[in-house]
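Below is one structure, written out as C-alpha cells; comments come after it.
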Amino acid sequence: MNVKKRTKSSRMHGRKMGTHGAGSRKSRKGSGHHGGKGLSGSGKRADHKKTLMIKLYGNKYFGKQGVTSRGTKRDTRPRINLGQIQLNLETYIKKGIAKKSGSSFEINLKKYKILGRGEITDKLIIKAKEASKTAITKIKKAGGEIEIMKKINKTKKPVIANKE
C-alpha cells in the first residue's frame, strides 16, 4: 500500500529549519536564480555576474551567435538606390566614378544592382551589373540610359568529343 508522504519543505517549519534537513545550504545549491554551479543564475535577478562575463569574454558571451541554417544564405550583392546616386553625383565625379559629358552624367557602377527608390532630376547614363524594373523606367523617364553588363558563365566546361 502506497502512503502519500508530504514533501520535506511542507513538514519542516519552525525554528532552525532553514535547511529542511539537507545539511548545509551549500549542498542544496544547484542551479537557478541564486547562483550555484558555474555561471548559473545570471538571469532574471543576478545581473552582478554579467559585468564579469563581459570583461572576460566580451559582448559575444550572451545571446545567440553562430551559424544560421545552411539553407538560408544571405544575399550580399551590393545595391544602390537612384536617390543615393542623385545625391552623391558630385562625390562620384571627384572620385572618378562619374563623368559629365554635355548635359548628361556617365556613371560606372559595374558591381552594383540599381534599385528604384528615390527621384532623378538629371540625365544619367549608368553602367551596372543589374537593375530593377522601376529603376529602368525612372532612368528612361528622365531621358537617361542604363547599360546592364551581361555575365559570362565560367562554370560551364567545354565538351570534348571522344576520338575513336
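Read the figures in this text as sums done on the coordinates, not as results from a lab. What you are looking at is a predicted structure, and each value in this text was computed from that prediction instead of being measured. Glycine gets a Cβ as well: all are built from the backbone with ideal geometry, and neighbour counts include every protein chain shown.
Working from label points 7 Å from Cα in the Cα-to-Cβ sense, the Q65 to K123 distance is 5.4 nm.
Given R0 = 22 Å, the distance between the Cβ atoms of R79 and E147 translates into a calculated FRET efficiency of 0.80. Take 6-14, 87-95, 135-143 and order them by the average number of nearby Cβ atoms within 10 Å per residue, most first; the result is 135-143, 87-95, 6-14.
Beta-bridge orientation, the stretch 79-148: approximately 20 percent antiparallel, per DSSP, counting only bridges with both partners inside. Protection proxy ranking, highest mean first, for peptides 52-60, 115-123: 115-123, 52-60, where packing is the per-residue count of other beta-carbon atoms within 10 Å, averaged.
Here is the link list: K111/K133; K110/K141; K73/K140. Which ones come out longer than 25 Å on Cα distance? K73/K140, as the Cα separations exceed 25 Å there. Near the amide H of L124, within less than 5 Å, lie the amide hydrogens of F105, G144, E145, all on another chain or at least 5 residues away, with H placed in the peptide plane.
A full extension of the chain between Y57 and N108 corresponds to an added length of 13.9 nm, given 0.36 nm per residue minus the alpha carbon distance.
With a Förster radius of 25 Å applied to the C-beta separation of K16 and H48, the computed FRET efficiency comes to 0.25.
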